[in-house]
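Visitor: Submitted below is the structure of interest, expressed as structure tokens.
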Amino acid sequence: LQTCCVSAPVEAFRVATMPRPLKAILDDPEFAGQDPVVISACCSPITLTPGGCTAAADYWCERAGAAFHERYEACGSKTNEDDEEDDDDEDATGEEYGRRKKGKDKAASGGALKISELLKGVNLYELLECSEGSSQDEIKKAYRSLALSAHPDKQTKMDPDAAKQVQENFVRIQEAYELLSDPAKRMQYDSTLDFDDSLPKFKPGQDFFEVFSEAFRRNARFSVKRPVPELGSLQDEPKVWKRFYDFWYDFQSWRDPVMLAQADGEEILDLADAECREERRWMMRENERIARKYKQDERDRISKLVNLAESFDPRIQAEKEAKRAARAAEAAKREEERTAAKRAKDEAERQKREAEETARAAEEKKKKEEKAARDEIKERVKKLRQRLRGFHQAMKEHVVLEQLNEVCVQLKEEDLKALGDSVEAALRKDAMAAVALVHKAIESIGLAPLQVDDVSTSSGPTSQPEETAEEKEERMKKERQRQKKAAEREAKRKEEEATMAEEKAKREAEKAEERKKREELRKKEQVAAEAAKRAQEKKEEQKAKKDDEKKKKQEEQENQRREQQREEAKLKAQQQAEKDRLEAQSKKEEQDIERLVHLFSTDRIERFNKIELQTDDALGKALQEAVEGDASLAAALSFLKEQNDAEELRLDKAVALVSELSPVWPLGLPPPSHIRLPNDLRNRAKKAKNRIRDILQKFLVSAAAADTSTASEWQRGIVTGIEAIPAWSPTKQVEQPSPESPSGAAAAAGKKAKKAKAPKEEEDLDDLLAEFGATPSAKKGKKKK
């Protein structure tokens, strides 16, 4: 089927080749067990109208919009693997707890949590009889159960005090439920509950999982992501405890830093006091600025906990030890390979040197053998020559000695031996035969045998006839040839001797060079061996020294760590003591302030009840009568009218002057700055103040002038501003008038009697007022003076 994008009425669904219109109906019986036929995933809404093709009884058309696309088209592009990955992500991420919506985040966390006076110091979970981990449904059920049992209408008749307590308890339950039923306010309240922020102290020998599991479970209550993984056990796989540490390193806490700052004594601005939107935003920014530090402190605390656990976790230590052992094994393997390569290289060099030494030794041996052979041959040749020359005595008359010597020089060893043996054998038989053999040898070397007579006649007269010129020339020619050959033989012999001497000198030089090289090599090897030995000794010495330094350093570090731990423990104890002292002081201050607020509220209520029973005319009449009966007061009011003060300041001074007349007149004075009344009392106080000031303003306008000289010193001080306007004091319900005024004599006497009964309480309250910046009554000091 071809899909078509349809935006026209239902008739556009019809296809020419189809016997009936296509219908995108999931519940059509004809489509049972089949995949739906998608005509369009984005068609416009269709309005069924009577008549036409839509008039059929079984006609049904639906819109296939975004929901259809999400169910049947979008899911088709998602594989099973993606689904599995999404499931894994959901399991890994878990439920998120305590996350506010974006629109309410800033509004909910920008200001402090308001708790009424009835709920201060009360655990709301204990009040509702549920646990801190209870769900909203459980809290709702607990509230409904308590509402039925604690409702005042359900109680039997009782005295007024008991009925009042029941009413207050029911109000507490209602306010507690209103606070805990709001998730944002509940998180703020949970952030103010007492919590142990301390880190566990782990000592060697303790069970790591027992010590740290409790700390992690305690902090897991503030996790945004749920479920929170457990610390596990020693048998866990690495991926399990690594996932645990990854979770805590990325820990997200819902603990409200604004409430932490408020609990620590920081001044948090109340957003309800903002008069406009700009002021509210400024308050939120100030609160966020203060809370930022506490939020970072919370992150640092969790990070310290995780780092401390990592430093003592036996699984991490085992993994580090395994990695360290693997690195040591790898280093040892590399060192062994390097040592093996060095040994192989040294062995190859040694074998090469041994081969060279063997070759040199063999060559020297060969040379020695050759020399010995040559010397032996020389010795034999020398003996053979001496033997042959020894036969010359027997043949001296027929053989010339020079020619015989020439034969000895030119013939080889075998020829000399053979000639010697032949001559020796011939001399035993016939000397001429031996001479013939010698002559034959002389001829073999290219010389003509000379007769001894020829040689001898050349030096003296002879009986032979003179030789001819040709014979003489021939003889001279032969003699020159003989001399030439003798010179050549002598030169050849000298050349051979020079060559042999040169070869011998060369061999000696080579031997000396070889000996020098061997000696130098031996010295180098000896020096290298000694250097290697010294290096090894130095290395061992350095290693021992490093081990000693490392051991000493470890001992110093251990001592420093212990000293640091002692210092940290001491500092922590001091900090904890200081913190406890500050908390106790802060708690005492809060209690004192609450007491002052209670006393002031009680005093105001009594005065409100009295002023509400009187009309403005009655109050004005009473004021007129009191002024007429007190000349100093009339003088003071007349003196006040003469001053050029602002209207508000003039009324404040007037209220101060008449404040001793009756309990209602002090209501016209401003309340102490450090005391804040509840909203209902603040409204009543504002109304009473306006009434008193209106009455005084009318009286000042209509009052007649009087002699100002009769005013007392205190009254003049009030008018001129020298004396401070009296403030409310908890030591008395009504400010005492000046001793000079006759209307205040009885009140002063009554106060003296009261002060005499409880002097210690008065002294403590004065110190308390001074500590909180309240100004004691100026009239009191004047009176003592």
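Visitor: For the stretch 267-293, give me each residue that is farther than 30 Å from ASN679 by Cα and touching an Asp or Glu at 6+ places or on another chain (Cβ under 7 Å).
Guide: First pass over the stretch 267-293, keeping only residues farther than 30 Å from ASN679 by Cα: 292-293.
Once the filter is applied, which keeps residues that are farther than 30 Å from ASN679 by Cα and touching an Asp or Glu at 6+ places or on another chain (Cβ under 7 Å), the stretch 267-293 yields nothing.
Visitor: Can you confirm whether the stretch 515-523 contains a residue that is within 60 Å of the chain's Cα centre (by Cα) and without any contact (Cβ under 8 Å) to a residue 40 or more places away in the chain? Lay out the reasoning, then the answer.
Guide: So in the stretch 515-523, the residues within 60 Å of the chain's Cα centre (by Cα) come out as 521-523.
Checking the rest, the ones that are also without any contact (Cβ under 8 Å) to a residue 40 or more places away in the chain come to 522-523.
Checked against the condition, which is being within 60 Å of the chain's Cα centre (by Cα) and without any contact (Cβ under 8 Å) to a residue 40 or more places away in the chain, the stretch 515-523 yields at least one hit.
Visitor: Would you mind listing the helices (runs of 4 or more DSSP H) fully within the stretch 126-235 where at least 1 residues are at pLDDT below 85 and over 30 Å from GLN317 (Cβ atoms)? Give the steps one after another, and end with the answer.
Guide: Details: elements: 136-150, 160-180, 183-192, 208-219.
Helices (runs of 4 or more DSSP H) meeting the threshold: 136-150, 160-180, 183-192.
Visitor: Scan the stretch 637-665 residue by residue and report those that are under 18 Å from ASP603 (Cβ atoms) and either within 60 Å of the chain's Cα centre (by Cα) or open to solvent by 10 Å² or more (accessible area, probe 1.4 Å) (or both).
Guide: Residues satisfying the conditions are GLU660, LEU661, SER662, PRO663.
Visitor: Here's something else I'd like to know. Could you list, in sequence order, all residues of the stretch 122-138 that are touching a Phe, Trp or Tyr at 6+ places or on another chain (Cβ under 7 Å) and among the hydrophobic types (A, V, I, L, M, F, W, C)?
Guide: Listed by number, the residues that qualify are LEU124, LEU128.
Visitor: Is one or more of the residues making up the stretch 574-588 assigned to a helix (DSSP H, G or I), open to solvent by 100 Å² or more (accessible area, probe 1.4 Å) and either farther than 30 Å from ILE115 by Cα or of a type outside the set (D, E, K, R) (or both)?
Guide: Among the residues of the stretch 574-588, at least one is assigned to a helix (DSSP H, G or I), open to solvent by 100 Å² or more (accessible area, probe 1.4 Å) and either farther than 30 Å from ILE115 by Cα or of a type outside the set (D, E, K, R) (or both), which makes the answer yes.
Visitor: Answer yes or no as to whether ASP548 is within 55 Å of the chain's Cα centre (by Cα), in a helix (DSSP H, G or I) and either among the hydrophobic types (A, V, I, L, M, F, W, C) or exposed (fewer than 11 other Cβ atoms within 10 Å of the Cβ) (or both).
Guide: On the way: within 55 Å of the chain's Cα centre (by Cα): yes; in a helix (DSSP H, G or I): yes; either among the hydrophobic types (A, V, I, L, M, F, W, C) or exposed (fewer than 11 other Cβ atoms within 10 Å of the Cβ) (or both): yes.
The answer is yes for ASP548.
Visitor: For the stretch 287-308, check the following and say yes or no: at least one residue is in contact (Cβ under 8 Å) with a residue 60 or more places away in the chain and open to solvent by 90 Å² or more (accessible area, probe 1.4 Å).
Guide: Yes; the residues of the stretch 287-308 include at least one that is in contact (Cβ under 8 Å) with a residue 60 or more places away in the chain and open to solvent by 90 Å² or more (accessible area, probe 1.4 Å).
Visitor: Of these, GLU495, GLU525, which one is over 26 Å from GLU370 (Cβ atoms), open to solvent by 60 Å² or more (accessible area, probe 1.4 Å) and at pLDDT below 90?
Guide: GLU525
Visitor: Also: Of all residues in the stretch 694-707, how many are surrounded by fewer than 19 Cβ atoms within 10 Å (Cβ to Cβ), in a helix (DSSP H, G or I) and touching a Leu at 6+ places or on another chain (Cβ under 8 Å)? If you could, list the steps in order and put the result at the bottom.
Guide: Going through the stretch 694-707, the residues surrounded by fewer than 19 Cβ atoms within 10 Å (Cβ to Cβ) turn out to be 694, 697-705, 707.
Next cut, in a helix (DSSP H, G or I) only: 694, 697-702.
Still in the list and also touching a Leu at 6+ places or on another chain (Cβ under 8 Å): 697, 699-700.
Number satisfying all stated conditions: 3.
Visitor: Follow-up question, since we're still on this one. Anything in the stretch 264-290 that is in a helix (DSSP H, G or I) and of a type in the set (D, E, K, R)? List them, or say none.
Guide: Within the stretch 264-290, ASP273, ARG277, GLU278, GLU279, ARG280, ARG281, ARG285, GLU286, GLU288, ARG289 qualify.
Visitor: Return yes or no: is ARG315 farther than 26 Å from LEU521 by Cβ and part of a helix (DSSP H, G or I)?
Guide: Numbers: farther than 26 Å from LEU521 by Cβ: yes; part of a helix (DSSP H, G or I): yes.
It is true that ARG315 is farther than 26 Å from LEU521 by Cβ and part of a helix (DSSP H, G or I).
Visitor: Determine which member of the set PHE209, PHE170 is within 18 Å of ASN307 (Cβ to Cβ) and hydrophobic (A, V, I, L, M, F, W, C).
Guide: Values: PHE170 fails: within 18 Å of ASN307 (Cβ to Cβ).
Step by step, each of PHE209, PHE170 is checked, and only PHE209 is within 18 Å of ASN307 (Cβ to Cβ) and hydrophobic (A, V, I, L, M, F, W, C).
Visitor: Which pairs turn up if I take residues in the stretch 348-375 that are under 16 Å from MET500 (Cβ atoms) and look for partners that are open to solvent by less than 80 Å² (accessible area, probe 1.4 Å) and in a helix (DSSP H, G or I) with beta carbon separation below 8 Å, at least 6 apart in sequence or on another chain?
Guide: From the stretch 348-375, the pairs are LYS367/ARG507.
Visitor: Restrict the check to the stretch 381-402 and report whether at least one residue is open to solvent by 70 Å² or more (accessible area, probe 1.4 Å), farther than 30 Å from LEU231 by Cα and at pLDDT 90 or above.
Guide: Looking for residues that are open to solvent by 70 Å² or more (accessible area, probe 1.4 Å), farther than 30 Å from LEU231 by Cα and at pLDDT 90 or above, one finds none in the stretch 381-402, hence no.
Visitor: Sticking with this structure for a sec: Starting from the stretch 633-644, keep only residues that are under 9 Å from ALA711 (Cα atoms) and touching a residue at least 24 places away in the same chain (Cβ under 8 Å), then list their pairs with residues that are in a helix (DSSP H, G or I) and open to solvent by 50 Å² or more (accessible area, probe 1.4 Å) whose Cβ atoms are within a distance under 6 Å, requiring at least 6 positions of separation or different chains.
Guide: ALA635/THR710
Visitor: If you check every pair at least six apart or on different chains, which have Cβ atoms under 6 Å apart with a residue in the stretch 256-283 that is within 29 Å of ARG221 (Cβ to Cβ) and open to solvent by 40 Å² or more (accessible area, probe 1.4 Å) first and a residue that is modelled with pLDDT under 85 and not in a loop (DSSP other than H, G, I, E, B) second?
Guide: ALA263/THR192
Visitor: Condition test on GLY629, is it out of contact with any Gly (no Cβ under 9 Å at 6 or more places or on another chain) and open to solvent by less than 60 Å² (accessible area, probe 1.4 Å)?
Guide: no
Visitor: I've got another one for you. Does GLU443 qualify as being open to solvent by 80 Å² or more (accessible area, probe 1.4 Å) and either at pLDDT below 85 or not in a helix (DSSP H, G or I) (or both)?
Guide: Against the criterion (open to solvent by 80 Å² or more (accessible area, probe 1.4 Å) and either at pLDDT below 85 or not in a helix (DSSP H, G or I) (or both)), GLU443 does not qualify.
Visitor: Moving on to the next point. List pairs: first in the stretch 141-163 and over 15 Å from ALA176 (Cα atoms), second among the β-branched types (Val, Ile, Thr), Cβ under 8 Å, 6+ apart or cross-chain?
Guide: Short answer, once both residue conditions are applied: PRO152/VAL166; GLN155/VAL166; MET158/VAL166.
Visitor: Would you pick out the residues in the stretch 221-249 that are touching a strand residue (DSSP E or B) at 6+ places or on another chain (Cβ under 9 Å), more than 14 Å from GLU310 (Cα to Cα) and open to solvent by 20 Å² or more (accessible area, probe 1.4 Å)?
Guide: Passing the criteria: LYS225, ARG226, PRO227.
The values are calculated or read from the model by the stated rules, or taken from the named source; none is laboratory data. Predicted model only: the values in this text are computed from it and were never measured. For neighbour counting, all protein chains shown are included, and Cβ atoms are generated from backbone atoms with ideal geometry for every residue, glycine included. Side chains included, ligands, DNA and RNA excluded: accessible areas come from the protein's heavy atoms. Shrake-Rupley method; radii C 1.70, N 1.55, O 1.52, S 1.80 Å.
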